[in-house]
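Report on one structure; see the data block that follows.
The values are calculated or read from the model by the stated rules, or taken from the named source; none is laboratory data. Because the structure is a prediction, the values reported are computed rather than measured. Reconstructed Cβ throughout: ideal geometry from the backbone, glycine too, with neighbour counts over all protein chains shown. Ligands, DNA and RNA are excluded from the accessible area calculation, which covers all protein heavy atoms including side chains. Shrake-Rupley method; radii C 1.70, N 1.55, O 1.52, S 1.80 Å.
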Amino acid sequence: MAIPWRHCWRWTTGATSTSVLETICGLNGRSATFAALSLRGTGAVAGSGKERLSSRPEDTTSIGNYILTSRHKSRLLYPTQKPCCCKRIHSDAKLKDPFTLAQKDLNHLYDDIKKELFVSKSELKSLCDYYFDGKGKAFRPMIVVLMARACNIHSNRDGSVCLCRDLLPGQRSIAMISEMIHTASLVHDDVIDGSDKRRGKTTINEVWGERKAILAGDFILSAASMALARIGNNTVVSVLSQVIEDLVRGEFMQLGSKENESERFKHYLEKSFKKTASLIANSCKAVSILVNSDPEVQEIAFQYGRNVGIAFQLVDDVLDFTACASQLGKPSATDLKLGLATGPVLFACQQFPELHAMIMRRFSTTGDVDRAWQYVLESDGVDQTNYLAQSYCREAIRQISLLRPSPERDALIRLTEMVLTRDK
């Protein structure tokens, strides 16, 4: 049963500040319009009482009309609020730590991956094991594990929560595959971008060279494909194959830009879906397919992953301006140096039109990166991008709240706050 999040807040002036989780549960006048526009691609009709969901990734970007009309910071952009019923309903959500709940299923994740990547040639083994050292956040497999359990509990008809919480073997494999695909994409990205740091350590392409790095990424993908085939479900194979196509298309989109402001932001959000959110969304959908044939449940899983994934990328783009290199594990201002105009830059361009020419030439002229950096800091680009991430998290919460209550469902709600407040 859906929880009426958007009706659970009374907006007031002068109220005390609240947690991010509480903030993203409510909307006010102008903010509601913004969220409706930014989430229009989901097919939800505000106030209709019915939701028509669409999984088309390109629909996630229909926010151009709002962006073009919000050239100045609104005093209502960050309204304070007074909590009402939803704080009582979901008071337990704060107690469900996602990592703790998923820990049992993640304990042997990297060992299992290394078994999939077993080869006799020592150098190739060293290349493939390099990022699977157990020091990663395992963010994607954690979401997959929690979504699998939440869907298992939702789909169980006899009410025995304990018996249905354990993962199916195929669901466990999907969690592992999601981390393998993600890591392979990082290896390839570092070659394309010429990066020398990743997760606080020297990149594979810097240690072993670009050719061997490309081959290592290819080998990880091939091993993930073999594991995927062994699941034996053609629909799951099709869903996760879409992820690899999206990764390639997203990388090509990143190489280009758009002249028109509205098209540029749409292009940016669609690229963010393909490069980041598609893996999370389709992995969540895949684990739901294995336990539930209901397309609506599968769509809930997909939409949660899509919205959390886009929010994750928006926050990542903000951190490129606000976090130091030691926090990120990679140099800051990386995107500008690569010629990429992310959310904070695109919002800043509305206040500083000088950025338009820099964006079109991909910050290639001497001094462009420093000037663009300064314009972003002087604008409300970071704040607007953070607020956009909050709107996507609102929709993620709305979607996952359609599932039957469970600790895992509440942990996925809690996860949205962690996405918004992370510092690396």
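Here are a few things to note about the model shown:
- Summed over the stretch 283-297, the residues that are in contact with a Leu (Cβ under 8 Å, 6 or more places away or on another chain), open to solvent by 10 Å² or more (accessible area, probe 1.4 Å) and within 17 Å of I177 (Cβ to Cβ) give a count of 2.
- Residue within the stretch 199-213 that is closer than 30 Å to I289 by Cβ and either open to solvent by 60 Å² or more (accessible area, probe 1.4 Å) or out of contact with any strand residue (DSSP E or B) (no Cβ under 8 Å at 6 or more places or on another chain) (or both) present: no
- Just one of the listed residues (R362, R409, R371) is open to solvent by 40 Å² or more (accessible area, probe 1.4 Å) and in contact (Cβ under 8 Å) with a residue 40 or more places away in the chain, and it is R362.
- Scanning the stretch 158-193 for residues that are out of contact with any Asp or Glu (no Cβ under 8 Å at 6 or more places or on another chain), of a type in the set (A, V, I, L, M) and at pLDDT 90 or above, we see that the one that is farthest from I143 (Cα to Cα) is V187.
- The stretch 333-354, subset of a type in the set (A, V, I, L, M) and farther than 11 Å from W373 by Cβ, residue surrounded by the most Cβ atoms within 10 Å (Cβ to Cβ): A341
- Residue in the stretch 261-268 that is open to solvent by 20 Å² or more (accessible area, probe 1.4 Å), closer than 20 Å to T421 by Cβ and in a helix (DSSP H, G or I) present: no
- Test result for F321, in a helix (DSSP H, G or I) and in contact with a Pro (Cβ under 7 Å, 6 or more places away or on another chain): yes
- Criterion (open to solvent by less than 70 Å² (accessible area, probe 1.4 Å), at pLDDT 85 or above, under 21 Å from R404 (Cα atoms) and more than 21 Å from the chain's Cα centre (by Cα)) met by exactly one of S155, S126: S155
- For the stretch 149-232, the helices (runs of 4 or more DSSP H) that sit wholly inside it and include 3 or more residues that are closer than 22 Å to Q103 by Cα are 161-164, 169-193.
- The set of residues in the stretch 233-253 that are in contact (Cβ under 8 Å) with a residue 40 or more places away in the chain and more than 17 Å from the chain's Cα centre (by Cα) comprises N233, T235, V236, V239.
- Filtering F118, F132, F99, F139 for residues that are at pLDDT 75 or above, open to solvent by 40 Å² or more (accessible area, probe 1.4 Å) and closer than 30 Å to G209 by Cα leaves a single hit, F118.
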